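Everything below concerns the one structure shown next.
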Amino acid sequence: MIHIAVFISGRGSNLNAIIQAISDKRLDAKIETVISNDKDAAGLLIAEQHGLNTYALSPKGMNRAQHEEKILEHLNQFKLDYLVLAGYMRLLSPDFLKHFKSEHGHYNVVNIHPSLLPAFPGTDSYKQAFDYGVKVGGVTVHLIDESMDRGIIIAQEPFPRFPDDTLETFTQRGLSVEHSLYPAVLQQIAKHGIESKPKQKLNK
Ligand code: GRF
C-alpha cells in the first residue's frame, strides 16, 4: 500500500480514475489528501464526494516559497510515499522537491503528461500535437525533476489519430488512455517502487 497526496488544478478526471482504481482494488493506495491551487477546481468536489481530505490554497498574494511552505505544512501531517500530480498547473521548486527526495536520488513525485515526451511539453499538449498533425498521440507518466516535463520517463502509451478526428475526439481518446495508464503505473510503483535510472544525455 502506498500513501499518496494527489495534486490537481482543475477537472480532476485523473483523480477520479485513481479513486475508482482504489475502490476496485486495482490500485493498492490510500489518498491521504488532495491539494489544489484553485479552490474552485471541479476535482475538489470529486474528492469531497468521496470523503477525502482536501486542501485548496490560491497562490494569490504570496510568492512561490510562501505558497509551497503552506502546502508543505499541510502535507507534513501525513506519512506520504509519493506525490501524484494530476493536472497540477504549477511548477514545484527545488526547495519544495527536496523534501521528497528518495534514497535513489530522484524525487518521489510523479506526473502525467498528455504527449509522448519530449514532444509537446508545456500546456495544451493534445492541442499542440493535434495542430501539428501527428498521426500518433500519446501519454507519458514521468518523475518530476527541477525542469518542466523532463524528468525520468516511467511509462508511455501511444494512441492513434484517425483522419476524421476533431481536437475533441483526439483529446477524449488520450484522456481514456490516461485514465487506465496512470492507475496501472501507480500500481506498479506500489508493488515494485521506482527504479531510478540516470537519464541519457543527448547533448552535452
Ligand atoms: C490531463 O490531460 C493531464 O495529462 C494533464 O492535465 C490534464 C488534467 O486533467 N497534466 P484532469 O484534471 O485529470 O481531468
Counting DSSP beta bridges with both ends in the chain, the antiparallel % (nearest 5):
40 percent
With every atom except the alpha carbons ignored, what do you get for Rg and Dmax of segment 64-121, in angstroms?
12.6, 37
Using only alpha carbon pairs under 8 Å that are at least six residues apart, calculate the relative contact order of the chain and give it in whole percent.
21 percent
Cα gyration tensor of the chain, axes a ≥ b ≥ c as square roots of the eigenvalues: rounded (a/c below 1.5), prolate (a/b > b/c) or oblate?
rounded
In degrees from 0 to 90, rounded to the nearest 10, what is the angle of the helix 13-23 Cα long axis to the longest principal axis of the chain?
70 degrees
Run lengths n ≥ 4 of DSSP H only: what is the helix-derived mean residue ellipticity at 222 nm for the chain, with -39500 (n - 2.57) per run over all residues, to the nearest 500?
-10500 deg cm²/dmol
Amide hydrogen neighbours beyond the local backbone of Ile154, cut-off 5 Å, H modeled
Val141, His142, Leu143
Scalar couplings 3J(HN,Hα) for segment 90-95 by Karplus 6.51 cos²θ - 1.76 cosθ + 1.60 (θ = phi - 60°), nearest whole Hz, x for Gly and Pro, are 10, 6, 9, 6, x, 5
Segment 104-117 - phi-based ³J(HN,Hα) in whole Hz, Karplus 6.51/-1.76/1.60, Gly and Pro as x
8, x, 8, 9, 7, 9, 10, 9, 10, 10, x, 7, 8, 4
Ordering 100-108, 37-45 by per-residue average of other C-beta atoms within 10 angstrom, highest first, gives 37-45, 100-108
Sorting Leu75, Gly87, Leu57 by the position of each Cα along the dipole of segment 2-192 (Lys, Arg +1; Asp, Glu -1; all at Cβ), the one nearest the positive end of that ordering is Leu75
Under the rule of at least 5 residues apart or a separate chain, name every residue whose amide H is placed under 5 Å from the amide H of Thr54.
Val34
Local charge sum around Asp28 (other residues, Cβ-Cβ under 15 Å, Lys/Arg +1, Asp/Glu -1)?
+1
In order through segment 164-170: 3J(HN,Hα) via Karplus (6.51 cos²θ - 1.76 cosθ + 1.60), integer Hz, x for Gly, Pro
8, 5, 9, 4, 5, 5, 4
Counting sequence-distant residues (5 or more places) and residues on other chains, those with an amide H built under 5 Å from that of Ile2 are Ala29, Lys30
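Every number here is computed from the coordinates shown, using simple stated rules; none is lab data. Small disclaimer: the values here were computed from a predicted structure and weren't measured. When we count neighbours, we look across all protein chains shown, and the Cβ atoms used for this are built from the backbone with ideal geometry, even at glycine.
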